[in-house]
Amino acid sequence: MDRLGWFMYNWEDPSALAQEHRARPGGRDVAHAMVAKAGEVTGLQVPAEQPNAAGLAVHYGLGAVPGALYAVARREVPGVRAGNGALYGFGLFAMNDEVAAPLLGVASGPTAYPWQAHVRGLVAHTVLGVVTESLLKLFDRAR
């Protein structure tokens, strides 16, 4: 997901990237904004620079935890496998990027970002869902 997202990011229109960066609360990406918010709530000092270990851990945790939940849910609710995991990826994008992050104050509302950022997130998360489902199918066969 990250490699595809960065590929798309690197080819994006500079004015769209500038708009995206202006929309980021405190100039931080979502994971680093979450770390900063946690630092404010707990009173703990967190690194200001990006990237930092705490922000990277949150970033990967935001992928690993839902992935583990999906691995369980796909056995109990086969419909979540729709599109070979594409529905899972789309749902992750919609819930995390478009709903939860703005509600938590770690991202601006969806209209603050250029359409390119939404497309990049949608494509990258959908690919994540398909790759996750494909790997889980391989593990199923190996059992």
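The values are calculated or read from the model by the stated rules, or taken from the named source; none is laboratory data. Small disclaimer: the values here were computed from a predicted structure and weren't measured. Positions of Cβ are backbone-derived with ideal geometry, glycine not excepted, and every protein chain shown enters the neighbour counts. Side chains are part of the model used for accessible areas, which takes the heavy atoms of the whole protein and leaves out ligands, DNA and RNA. Shrake-Rupley method; radii C 1.70, N 1.55, O 1.52, S 1.80 Å.
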Total formal charge among the other residues, if their Cβ is under 10 angstrom from that of residue 110, Lys/Arg +1 and Asp/Glu -1: -2
Protection proxy ranking, peptides 10-19, 118-127, average beta carbon neighbours within 10 Å, highest first: 118-127, 10-19
Solvent-accessible area, 1.4 Å probe, carbon plus sulfur percent, for the range 29-85: 68
In degrees, nearest ten, helix 14-23 long axis to first principal axis of the chain (Cα): 80
Trypsin sites (Lys or Arg not before Pro) within the range 57-112: DSSP coil, no more than 15 neighbouring Cβ in 10 Å: none
Value of [θ]222 nm, deg cm²/dmol, for the chain, DSSP H segments ≥ 4, -39500 (n - 2.57) each, nearest 500: -21500 deg cm²/dmol
Residue-normalised accessible area of the chain, given per residue in Å² at a 1.4 Å probe: 60
The chain: relative contact order as a whole-number percent, Cα under 8 Å and 6+ apart: 35
Between 0 and 90°, nearest 10: helix 115-142 axis offset from the chain longest Cα axis: 30
